[in-house]
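The next block holds one structure in the form of structure tokens; read it before the comments.
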Amino acid sequence: MRPETRAVHVRVPVPDSTPLAAPLYQTSSFAFDDPALLAEGLNHPDRGYAYSRFTNPTVRALEEAVTGLEGGTAAIATASGMGAISLLLHGLLRAGDHVIAQHTLYGGTHAKLRDLADRYDIGVTFVTGHDPDEVRQAITARTRVLYLETIANPTGHSSDLPVLAPIAKAAGVLTIVDNTFVTPLFCRPIEHGADVVVHSVTKFLGGHSDVTGGVAVFADDALHRRVWEHAVEFGSVADPFAAWLTLRGIQTLPLRVERHAANVARVAGFLAGHPAVERVLWTGSPDHPSHAVAETYITGFPAPFCFDLAGGFDAGLHFQRSVRVIKLAASLGGTQTLILHPAGSTHRQLDEQQLAAASIGPGTIRIAVGIEHADDLIADLARAL
Ligand SMILES: *Cc1c(COP(=O)(O)O)cnc(C)c1O
């Protein structure tokens, strides 16, 4: 089945029929007549349901839906995107191990790797993600994980996954890819060699700014089993209601991301031609530094992107207050268009040099384009500019 069909055919059978909507099993535990079946449920990720920290029918329906969309073999749904990322890094690494990561990472992931380095002496080598030799040279006997993102924040950077994943595999190194910004509609990292794909389902998969969640999808059953055993103890599992909301969102994922991508293209084109805008950094544009690499394995660009206001810091502050349809908020992937002025908000504590190192200018604005009518967004932007 194609993703558009998979996304709407979620199955949680009950005796003799299958409900069209996945039922919500809002229960923490399950009662048994047969003690042997209870023991099975507590010891296997894919047998009966015993206790919802181990697994739950609604949560499993979400895991199966995302597994199907990403082309994996199994998944673990978690309480947040960071819940999935932390679970993987804690579950796959030991003290003294080594990670290779692209230099532009989600802030929470960056902080997690720094924390692991401090606590457990886990070495991290950052790479550009565009140069296979850089990765070959970074691999040591202790390297366990290559960590990439399909499209990264705020620069729209994309690593060369199809080239780097086989290099990692040949050295026995697992490749983890955060696909939050692209979605399985536009890239399925497992087809390009990834061993694990993670999502913050808080973003496009949930899609309606009403749920916090995450998921890790595995290319291999043995690896899933290994991490599942850790997941039961780590405890960052998805709540059934959050999973249920995410399942509802996923049914319209294909429709929504097509619209996000079309709107992003319109908005990026408008901004690129506006005299108050100095620069637009959208990976979908042929002049973006990662465009040629991204085009080899990513077919659509619905992700947030950045642009620089010619008026710098003050223009950035003023711009945030001037939009009306567009909302000032963190996050992305919901129905509504959101903006952030990182230098004046999320990155306020950094000086100009630190900002430059993070590729953030004083007048940089991040925009996560929603699914409104593009003309209304452009009119709002034109007035604010
Ligand atoms: C938001 C986000 C995360 C973290 O997800 P939460 O659900 O907020 O924990 C991880 N990676 C990327 C790329 C994100 O955008």
Practice problem: Output the qualifying pairs, or none if there are none: Cβ atoms under 6 angstrom, residues six or more apart or on different chains, first residue in the range 63-78 and in contact (Cβ under 8 Å) with a residue 12 or more places away in the chain and under 19 Å from Leu89 (Cβ atoms), second residue part of a helix (DSSP H, G or I) and among the small types (Gly, Ala, Ser). | Solution: Ile76/Ala231; Ala77/Ala243; Thr78/Ala84
Practice problem: Among residues belonging to the range 174-221 that are of a type in the set (Val, Ile, Thr) and under 8 Å from the mean Cα position of the chain (by Cα), point out the one that is nearest to the ligand (Cβ to nearest atom). | Solution: Thr180
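Let's see how each residue does on (1) within 30 Å of Pro240 (Cβ to Cβ); (2) of a type in the set (Asp, Glu):
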position: Asp97; (1), (2): no, yes
position: Asp115; (1), (2): yes, yes
position: Pro162; (1), (2): no, no
position: Pro166; (1), (2): no, no
position: Gly172; (1), (2): no, no
Exercise. Identify all residues within the range 347-372 that are polar (S, T, N, Q) and either within 12 Å of Gly316 (Cβ to Cβ) or more than 24 Å from the chain's Cα centre (by Cα) (or both); write none if there are none.
Key: Gln349, Gln353, Gln354, Thr364
Quiz item: Can you spot a residue in the range 19-29 that is farther than 24 Å from Ala216 by Cβ and of a type in the set (Val, Ile, Thr)?
Solution: no
Exercise. Select from the range 373-384 the residues that are open to solvent by 40 Å² or more (accessible area, probe 1.4 Å) and under 27 Å from the mean Cα position of the chain (by Cα) and list them in ascending order.
Key: His373
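Determine which member of the set Phe307, Phe319, Phe301 is in a loop (DSSP other than H, G, I, E, B) and open to solvent by less than 70 Å² (accessible area, probe 1.4 Å). Spell out how you get there, then give the answer.
On the way: Phe307 fails: in a loop (DSSP other than H, G, I, E, B); Phe319 fails: in a loop (DSSP other than H, G, I, E, B).
After ruling out the rest, the residue left standing is Phe301.
Rundown of residues vs (1) in contact (Cβ under 8 Å) with a residue 60 or more places away in the chain; (2) outside the structural domain of Val182 (by TED's automatic domain parsing); (3) of a type in the set (D, E, K, R); (4) under 30 Å from Pro254 (Cα atoms), yes/no style:
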| position | (1), (2), (3), (4) |
| --- | --- |
| Pro289 | yes, yes, no, yes |
| Thr296 | yes, yes, no, yes |
| Pro304 | yes, yes, no, yes |
| Asp314 | no, yes, yes, no |
| Gln336 | yes, yes, no, yes |
| Ser345 | no, yes, no, no |
Quiz item: When you look at Ala329, is it under 17 Å from Ile367 (Cα atoms), in contact (Cβ under 8 Å) with a residue 24 or more places away in the chain and open to solvent by 20 Å² or more (accessible area, probe 1.4 Å), yes or no?
Solution: no
Exercise. Sort out which residues of the range 297-342 are in contact with a Leu (Cβ under 9 Å, 6 or more places away or on another chain) and polar (S, T, N, Q), and write them in order of number.
Key: Thr299, Gln320, Ser322, Ser331, Thr337
Exercise. Any residue in the range 161-185 that's within 16 Å of Pro304 (Cβ to Cβ): show its pairings with residues that are of a type outside the set (D, E, K, R) and part of a helix (DSSP H, G or I) at Cβ separation under 6 Å, as long as the two are six or more apart or on different chains.
Key: Asn179/Pro189; Thr183/Val257
Quiz item: So Arg47 clears everything in (1) touching a helix residue (DSSP H, G or I) at 6+ places or on another chain (Cβ under 9 Å); (2) closer than 25 Å to Ser200 by Cα except one condition, right? Which one?
Solution: (2)
Self-check item: Residues within the range 259-293 that are open to solvent by 20 Å² or more (accessible area, probe 1.4 Å) and β-branched (Val, Ile, Thr), tallied
Solution: 2
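State whether the residues of the range 231-239 include one that is open to solvent by less than 60 Å² (accessible area, probe 1.4 Å) and without any contact (Cβ under 8 Å) to a residue 24 or more places away in the chain.
no
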Quiz item: Can you tell me which residue in the range 151-173 is nearest to the ligand (Cβ to nearest atom), limited to those that are in a helix (DSSP H, G or I) and open to solvent by less than 10 Å² (accessible area, probe 1.4 Å)?
Solution: Leu161
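The values are calculated or read from the model by the stated rules, or taken from the named source; none is laboratory data. Just so it is clear, the model here is predicted, and its values are computed rather than measured. Cβ sites come from the backbone with ideal geometry, for glycine too, and all protein chains shown count toward neighbours. Just the protein is used for accessible areas: all its heavy atoms, side chains included, with ligands, DNA and RNA removed. Shrake-Rupley method; radii C 1.70, N 1.55, O 1.52, S 1.80 Å.
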